[in-house]
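The values are calculated or read from the model by the stated rules, or taken from the named source; none is laboratory data. None of these values were measured; they are calculated from a predicted model. Note: ideal-geometry Cβ built from the backbone for every residue, glycine included; neighbour counts use all protein chains shown. These area figures cover heavy atoms from the full protein model, side chains too; ligands, DNA and RNA do not enter into them. Shrake-Rupley method; radii C 1.70, N 1.55, O 1.52, S 1.80 Å.
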Amino acid sequence: MAFQKPTGTQDFLPGTVEIWQHVENKAREICRNFNYKEIRTPIFEQTELFERGVGETTDVVEKEMYTFVDKGKRSMTLRPEGTAGVVRSYVENKLYGDPDLTKLFYMGPMFRYERPQAGRYRQFHQFGVEALGGTDPSLDAEIIALGYEIMKGIGLSGVRVEINSVGNAESRAAYREKLLQFLTPMKETLCKDCQSRMERNPLRVLDCKVDQEKFADAPSILDSLDEECDTHFAKVRQHLDAMGIEYAVNTRLVRGLDYYTHTAFEYKVEGIGAIDTVGGGGRYNGLVSDIGGPDQPGIGFALGLERIVLLLESQKVDLNAQAPIDLYLIGLGEAAEDMVAKLLYQLRKEGIVAEKDYQGRKMKAMMKSADRMQARFAAILGDDELEKGEVALKELATGEQRLVPIAELAQAIRQA
């Protein structure tokens, strides 16, 4: 039987993995600058966590979750997003007892049963951040700025920020009535999903990709904000202006999950077909208490790493994904080969990226292998060199060659 990877999954091979490492390392570096610390949570959790945290009326919960019954007859779900698990950990481990703000980031695989397409997979990867314990609008702006800086730092160009406010429960209740008045006359012309959402969560209708053009004249939720929400949103915009981060207000931006309050936002970059949303997030002031914790506010975002990698490729960002090695060791003769194996281990312990031949190839083939690996140097050790305690060190870019004592090889490479 010929085995193949499951539909909607990928193999990340050498040459591609290095691009992912660049993205992950840059995101980690920028998070450290913003004082966010890494958290790692389980890949599967109790199904109810996502039903309560993500929202029963969302596409994620209704259609896309990978849910199974384990041997203890408990319903478990592969995580479809990262926030619910992070908040569960925040509550379970009583991180809310820390007098300072809890600022976290995570990365890893998520799972949703969707129709695979460019940048969208059934096993996909996200990088996300969560800040819990603060309501200051400057924190909203900080979070938006952090995601923006990560994408710019990775090397993407053309990053756009769209923001909106989805208000609080009172504002949304007032807006719900206005929106229903607008939607009801066109109900029969809408897709089945929109007709269903109108009964349970009308705001989710605005997130529909099928009927989007029909909502151009929909009432704006900003007109239904109370004074508290209006002031909060104004302060967020003020802070973004002060930071010099350009953004556009999109009054139809509601995001796809039910837990958002106040600020909602998305990052967009053109380059992978009709899909231009790379990530997004928002404030979720009621989620911690919904999951069983104290009434603590939170805000965060997630970035789709597959989409970012596709965009880096489409924008032809040169990441030098094939990392060169420092040294290729060549042994000529049995005694020299034995010394090369020992020397290789010693050099690697000293931080030198080194390699040798393991296939018994001739000198010419080994030099070609060194070129393919983009080695800066080749070190040639034969019987004569071994007897003298020296090695012939050749800089492959220039062809310059010199004899170096074996004991000083690591130092010579570092100096060069």
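Taking region 236-277 as the range and being open to solvent by less than 60 Å² (accessible area, probe 1.4 Å), modelled with pLDDT under 80, farther than 19 Å from L132 by Cβ and of a type in the set (A, V, I, L, M) as the test, the residues that pass are V254, I272, I275.
When E24, E81 are checked against the criterion of being buried (at least 19 other Cβ atoms within 10 Å of the Cβ) and not in a strand (DSSP E or B), a single residue qualifies: E81.
State the number of residues belonging to region 27-46 that are in a helix (DSSP H, G or I) and surrounded by 15 or more Cβ atoms within 10 Å (Cβ to Cβ). The number of residues fulfilling the criteria is 4.
State whether one or more residues within region 329-348 are in contact (Cβ under 8 Å) with a residue 12 or more places away in the chain and surrounded by fewer than 12 Cβ atoms within 10 Å (Cβ to Cβ). No.
Looking at S196, is it over 23 Å from the mean Cα position of the chain (by Cα), among the hydroxyl-bearing types (S, T, Y) and at pLDDT 85 or above? I'd like the intermediate steps shown before the answer.
Values: over 23 Å from the mean Cα position of the chain (by Cα): yes; among the hydroxyl-bearing types (S, T, Y): yes; at pLDDT 85 or above: no.
No.
When region 391-413 is filtered for residues that are in contact with an Asp or Glu (Cβ under 8 Å, 6 or more places away or on another chain), among the hydrophobic types (A, V, I, L, M, F, W, C) and either open to solvent by 50 Å² or more (accessible area, probe 1.4 Å) or not in a strand (DSSP E or B) (or both), the ones remaining, listed by number, are L396, L403, I406, A410, I413. Contact map, region 210-235: first residue touching a residue at least 24 places away in the same chain (Cβ under 8 Å), second residue in a helix (DSSP H, G or I) and of a type in the set (S, T, Y), Cβ cut-off under 6 Å, separation 6 or more or different chains; pairs are I221/Y175; S224/S171; S224/Y175; L225/S171; D226/S171; C229/S171. Restricted to region 47-78, and to residues there that are open to solvent by less than 20 Å² (accessible area, probe 1.4 Å) and assigned to a loop (DSSP other than H, G, I, E, B), the residue that is modelled with the lowest pLDDT is T58. Just a yes or no: is a residue in region 205-224 modelled with pLDDT of 85 or more and closer than 15 Å to E142 by Cα? So far as region 205-224 goes, no, none of its residues is modelled with pLDDT of 85 or more and closer than 15 Å to E142 by Cα.
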